[in-house]
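*Asks:* Can you keep this structure in mind? I'll have questions shortly.
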Amino acid sequence: MSLIRAAALGLLLGLAGCTDTPSPDPDPSTHGEAGTGWTALPADDLQSGYAFLQPDTQALQDDDFSNPGYLWVDRGAQLFATSEVGEPSCASCHGAGDAALAGVAARFPKVDPSSGALINLEGRINLCRERHQNRSALAYESEALLGLTAYVAEQSRGMSLAPDRSAPAMALAETGRDYFFTQRGQLNLSCHQCHDQSWGKRLRGDTISQGHGNAFPAYRLEWQSLGSLQRRLRDCDTGVRAEPLPYGDQVYVAVELYLAQRAAGLDIETPGVRR
Amino acid sequence: MFAIRISAPERATPGEIVELKALIRHPQESGFRLNARGVPIPRDILTRFVCLYNDQQIFAANLYPGVSANPFLSFHTRATRTGTLTFRWTDQDGESYEDSVELVVA
């Protein structure tokens, strides 16, 4: 217990030591959040998490062979082409070939026109399974769902994120933005405090990134596995000692949308490699 | 599902040094970790890797619990004659996984 407390104190002190209180800005129009004095990330200074990696890790992502994320992409390619008896495979509708769904991942999460719910790529794959393939939805972080998501997203590799900005999506992104700016957990930190205000500074031997999701599903060396953006969000929530939301929660999907809008213009790097 | 990725040139000239790369999907569970309930997770590792060139061993490695998940190996060999390169991993229970590629030397 005392160890945990000491670690928590260390983390707080570490942050307090390197986080200046936001300097009062005389021009309120430059404030990201009216009245709070918080400044949002400048749109002309977006940096992918790739920029914060060690050269070795960057090399791992750049080499399509040694990038372990491609193990899941390969698996997804197999699943995409496989069908159960009497049911169509993904490829029967979307077409075979490794560019059939190029550019699609860049537009997720988006509002599903028929239900009005916000869905991410994982959710879209599960909807397809239920609506068109008569199969059950895949569990989050299952090998099959990670594989299919990585396979589809990899086809948009190198394309810029072009998130949904329709009116219903903007309303939902507001929920995600609120989550991003809300301080939570025993450490009482918001996403904003690390990833907008303190990126580039050091935290526990690592450099704080700007918190973009453009490489996900990504292979994290810490996980020794591919993982979804929601797994990453849960890790951050756990990191500030907050109760993470369940996988697939609408609020997390809204956070994904807010993150995509925040990172608009960055290229998709799936399957990325992260520390 | 044990996915394997192999990288080897399809053609080589006699005497050429070629780079071979092999990646396998495996948890390499060290046996030293505890699960969320504090119970040790049983060890599950690959212990041996061999590469055969026309059934002759050209590279071998012993793997231990310190090796990361999804181990990646890269090594070189001299292309001598057309033949098959076999990559074989054996786990702690003696079960093996292998894949092979053809190398044309001309």
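*Asks:* Among A:267, A:45, which comes first, then next, by fewest other beta-carbon atoms within 10 Å? Working shown, then result.
*Replies:* Details: A:267 16, A:45 8.
Least to most surrounded, the residues fall as A:45, A:267.
*Asks:* How large is the charge dipole for chain B, taken about the Cα centre, if only the Cβ atoms of Lys, Arg (+1) and Asp, Glu (-1) carry charge, to the nearest 20 debye?
*Replies:* Details: 11 positive and 12 negative charges, 59 e Å.
Dipole size: approximately 280 debye.
*Asks:* Could you give the length gained on full extension between residue A:45 and residue A:174, defined as 0.36 nm per residue of separation minus the Cα-Cα distance, in nm? Can you show the working numbers first?
*Replies:* Numbers: separation 129, 0.36 × 129 = 46.44 nm, distance 2.22 nm.
In short, 44.2 nm is gained.
*Asks:* How big is D for region A:189-275, in µm² s⁻¹ as a whole number, if Stokes-Einstein is applied with the Kirkwood radius of its Cα pairs at 25 °C and 0.890 mPa s?
*Replies:* Details: Rh = 13.5 Å.
The estimated diffusion coefficient comes to 182 µm²/s.
*Asks:* Which distance in nm do the two modelled labels at residue B:62 and residue A:64 give, with both placed 7 Å along the Cα-to-Cβ direction?
*Replies:* 3.8
*Asks:* Now, a different point. State the volume of the convex hull built on the alpha-carbon positions of region A:68-153, expressed per residue in Å³ and rounded to an integer.
*Replies:* 98
*Asks:* So, one more: Using +1 on the beta carbon of Lys and Arg, -1 on that of Asp and Glu, and nothing else charged, what's the dipole of chain A about the Cα centre, debye to 20?
*Replies:* Charge dipole, chain A, about its Cα centre: 480 debye, nearest 20.
*Asks:* Follow-up. Please figure out what share of the DSSP beta bridges in chain A is antiparallel and state it in percent, rounded to the nearest 5.
*Replies:* Antiparallel: roughly 75 percent of the beta bridges in chain A.
*Asks:* Once you keep just the Cα pairs under 8 angstrom separated by 6 or more residues, what percentage relative contact order results for chain A? Don't skip to the end; give the middle numbers.
*Replies:* Values: 443 pairs, mean separation 70.1, N = 275.
Relative contact order, chain A: 25 percent.
*Asks:* Still on this model: Specify the residue with the greatest mean-square fluctuation among A:186, A:261, A:58, computed from a Gaussian network of chain A linking alpha-carbon atoms under 10 Å apart.
*Replies:* Ranking A:186, A:261, A:58 by mean-square fluctuation puts A:186 first.
*Asks:* Mean separation of Cα pairs under 8 Å and 6+ residues apart, divided by the residue count of region B:40-85: what relative contact order is that in percent?
*Replies:* 38
*Asks:* Same structure again: How far apart, in nm, are two points set 7 Å out from the Cα along the Cα-to-Cβ line at residue A:115 and at residue A:162?
*Replies:* 2.6
*Asks:* Moving on to the next point. Please state the charge dipole magnitude for region B:64-106, taken about the Cα centre, from unit charges on C-beta atoms (+1 on K and R, -1 on D and E), reported in debye and rounded to the nearest 20.
*Replies:* 360
*Asks:* For labels at residue A:134 and residue A:98 in the simple 7 Å Cα→Cβ model, what's the distance in nm?
*Replies:* 3.3
*Asks:* Now for a separate question. So what is Rg over Rh here for chain B, counting just Cα atoms and using Kirkwood for Rh?
*Replies:* Taking Rg over the Kirkwood Rh, I get 1.08.
*Asks:* Also: Within 10 Å of each Cβ in peptide B:16-27, how many partner chain Cβ atoms are there on average? Round it to a whole number, please.
*Replies:* Average neighbour count from other chains, rounded to a whole number: 2.
*Asks:* Could you compute the FRET efficiency for residue A:187 and residue B:104, with r as their C-beta to C-beta distance and R0 at 51 Å, rounded to 0.05?
*Replies:* According to the calculation, E is roughly 0.30.
*Asks:* Based on the alpha-carbon gyration tensor of the protein assembly as shown, what equivalent-ellipsoid semi-axes (square roots of 5 times the eigenvalues) come out, in whole Å, largest first?
*Replies:* Working: eigenvalues 322, 141, 85 Å².
Semi-axis lengths for the protein assembly as shown are 40, 27, 21 Å.
*Asks:* Okay, next question. Name the residue from A:78, A:105, A:126 whose Cα lies farthest towards the positive end of the charge dipole of region A:32-153, charges +1 on Cβ of Lys and Arg and -1 on Cβ of Asp and Glu.
*Replies:* Most positive-ward Cα: A:126.
Rule-based calculations on the coordinates, nothing more; no lab input. What you see is a predicted model; the values in this text were computed from it and never measured. Every residue, glycine among them, receives a Cβ derived from its backbone with ideal geometry; neighbour counts consider all protein chains shown.
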